[in-house]
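**Q** One structure coming up, written as structure tokens, with questions to follow.
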Amino acid sequence: MIRMPITRAPGSRFIKDPRDVRLEDKIIKGGAKGGIGLLGVPWDGAVGGRPGARFAPSRVRSFLYSMPLNIDASIVDFGDVDVVLGDHGETMRRTREAASQALRQVKELLVIGGDNSVSHPVFQALNDAEKRVGYILIDAHPDIRTVTEGLTSGLAIRMIRETNPSMPITVVGYRPHSNPRYLIDEARRLNIRIITMDEVEEIGVMGTAAQLVEAYRGMQVYLSLDMDAVDPAFAPGVNSPSPGGFTSREAISLVSRLSRELRPRVFDVVEITPLVDVADQTSNLAAAVLMSAMWPRGDME
């Protein structure tokens with residue numbers, strides 16, 4: 001008679017199904033090469049609203065690691081950027097360097113922020129490495145504010161435009177009731193296309209995705225999701241919640257379609273604030289969206 005153990009390792013699964021492969025079973029830690037890379041940037045020093053995004057990489061990973069891995073892909077976790085609290089310049093320098101190193105080792109880099117300011121140094125790394133790049137931001141806000149002083153994540157797209165003055169930039173999910181009116185004029189001046197939620201509703205999420213695929217086909221795409229693009233009913237744990245956004249299903253579908261068709265070189269998810277989340281809805285959804293953004297290995301050849 002075989003005696004079964006009566007204890008188990010801390011954190012091990014309750015359901016003992018050897019054919020249920022999770023991401024944590026296949027993750028490669030350290031600096032190895034792979035198809036997909038994962039990088040955290042635990043920085044929220046540019047938040048003007050609800051701080052706490054520095055805690056998002058670890059929280060989102062806890063859900064991401066537990067998800068079934070249903071694609072044939074090698075995934076490398078590079079860990080988190082060693083941020084310097086209170087020093088934005090040094091933190092952004094380290095983020096750019098870490099992203100540059102990761103992009104040399106993987107075909108697709110997934111980044112977990114952090115506030116939206118971390119997108120700028122990651123984009124700089126992509127812009128350094130590739131030609132003919134394009135940028136798509138899914139967000140309730142265009143992040144092109146003008147401020148007299150100080151630092152805000154609401155400047156992220158303005159800084160990205162300054163890095164590359166000519167590439168196409170599109171912001172999807174804009175809500176007029178959540179933004180000062182001058183930002184529309186600023187977007188026109190900076191040659192940034194704005195797609196409002198009303199426009200998304202007119203042609204549907206898949207219609208919107210089809211337009212973007214047509215516009216960005218053949219480019220090295222940076223795809224970014226600010227979680228406040230999702231309605232706070234589905235993602236309450238964000239820096240700047242804005243009613244009238246995407247449902248969780250729509251967010252997953254939009255990212256999945258864009259990733260499948262455009263195969264973005266970088267995908268980031270930012271502005272998750274676990275300290276104000278409700279039952280981890282936002283972190284769990286972010287993990288699901290990250291899974292939907294992964295390309296299968298066959299697409300990476």
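The values are calculated or read from the model by the stated rules, or taken from the named source; none is laboratory data. Not measured: the values here are computed from a predicted model. Neighbour counts run over all protein chains shown; Cβ positions are idealised from the backbone, glycine included.
**Q** Name the single residue that is surrounded by the most Cβ atoms within 10 Å (Cβ to Cβ) among those in region 14-35 being more than 17 Å from Ala102 (Cα to Cα) and touching a residue at least 12 places away in the same chain (Cβ under 8 Å).
**A** Leu23
**Q** Only residues that are over 30 Å from Met206 (Cβ atoms) and of a type in the set (Gly, Ala, Ser): list them for region 127-174, please.
**A** Correct list: Ala129, Gly150.
**Q** Which residues, counting only those in region 54-70, are surrounded by fewer than 13 Cβ atoms within 10 Å (Cβ to Cβ) and out of contact with any strand residue (DSSP E or B) (no Cβ under 7 Å at 6 or more places or on another chain)?
**A** If the condition is that a residue be surrounded by fewer than 13 Cβ atoms within 10 Å (Cβ to Cβ) and out of contact with any strand residue (DSSP E or B) (no Cβ under 7 Å at 6 or more places or on another chain), then Asn70 is the only one that fits.
**Q** Turning to a different aspect of this structure: Under 14 Å from Ala140 (Cβ atoms), in a loop (DSSP other than H, G, I, E, B) and not hydrophobic (A, V, I, L, M, F, W, C): does that describe Pro264?
**A** No.
**Q** If a residue must be more than 18 Å from Ile36 (Cβ to Cβ) and touching a residue at least 60 places away in the same chain (Cβ under 8 Å), how many such residues does region 250-276 contain?
**A** Total meeting the criteria: 9.
**Q** Residues being touching a Lys or Arg at 6+ places or on another chain (Cβ under 9 Å) and either surrounded by 19 or more Cβ atoms within 10 Å (Cβ to Cβ) or under 29 Å from Ala125 (Cα atoms) (or both): count how many of those fall in region 244-267.
**A** Result for region 244-267: 5.
**Q** While we're on this one: Restrict the check to region 286-295 and report whether at least one residue is closer than 11 Å to Val230 by Cα and in contact (Cβ under 8 Å) with a residue 40 or more places away in the chain.
**A** Looking for residues that are closer than 11 Å to Val230 by Cα and in contact (Cβ under 8 Å) with a residue 40 or more places away in the chain, one finds at least one in region 286-295, hence yes.
**Q** Can Thr163 be described as under 20 Å from Leu212 (Cα atoms) and either at pLDDT 95 or above or in contact with a Cys (Cβ under 7 Å, 6 or more places away or on another chain) (or both)?
**A** The answer is no for Thr163.
**Q** Mind checking which pairs have a first residue in region 125-142 that is touching a residue at least 12 places away in the same chain (Cβ under 8 Å) and a second that is in a helix (DSSP H, G or I) and not aliphatic (A, V, I, L, M), Cβ under 6 Å, 6 or more apart or different chains?
**A** Matching pairs, first to second residue: Ala125/Arg96; Ala125/Ser100; Asn127/Thr163; Val133/Asn127; Gly134/Tyr216; Ala140/Ser178; Ala140/Asp228.
**Q** Then there's this: Would you tally the residues in region 246-263 being under 16 Å from Arg217 (Cα atoms) and touching a strand residue (DSSP E or B) at 6+ places or on another chain (Cβ under 8 Å)?
**A** Total meeting the criteria: 6.
**Q** For Val269, work out the one condition from (1) under 21 Å from Val118 (Cβ atoms); (2) assigned to a loop (DSSP other than H, G, I, E, B); (3) not polar (S, T, N, Q) it doesn't fulfil.
**A** Unmet condition: (2).
**Q** Here's a follow-up. Is it the case that some residue within region 36-53 is free of Cβ contacts under 8 Å to residues at least 40 places away in the same chain and either buried (at least 17 other Cβ atoms within 10 Å of the Cβ) or of a type in the set (S, T, N, Q) (or both)?
**A** Taking every residue of region 36-53 in turn, none turns out to be free of Cβ contacts under 8 Å to residues at least 40 places away in the same chain and either buried (at least 17 other Cβ atoms within 10 Å of the Cβ) or of a type in the set (S, T, N, Q) (or both).
**Q** Report yes if some residue within region 96-118 is touching a strand residue (DSSP E or B) at 6+ places or on another chain (Cβ under 8 Å), buried (at least 24 other Cβ atoms within 10 Å of the Cβ), among the hydroxyl-bearing types (Ser, Thr, Tyr) and closer than 26 Å to Glu186 by Cβ; otherwise report no.
**A** no
**Q** Can you tell me how many residues in region 277-291 are part of a helix (DSSP H, G or I) and either hydrophobic (A, V, I, L, M, F, W, C) or at pLDDT below 95 (or both)?
**A** 7
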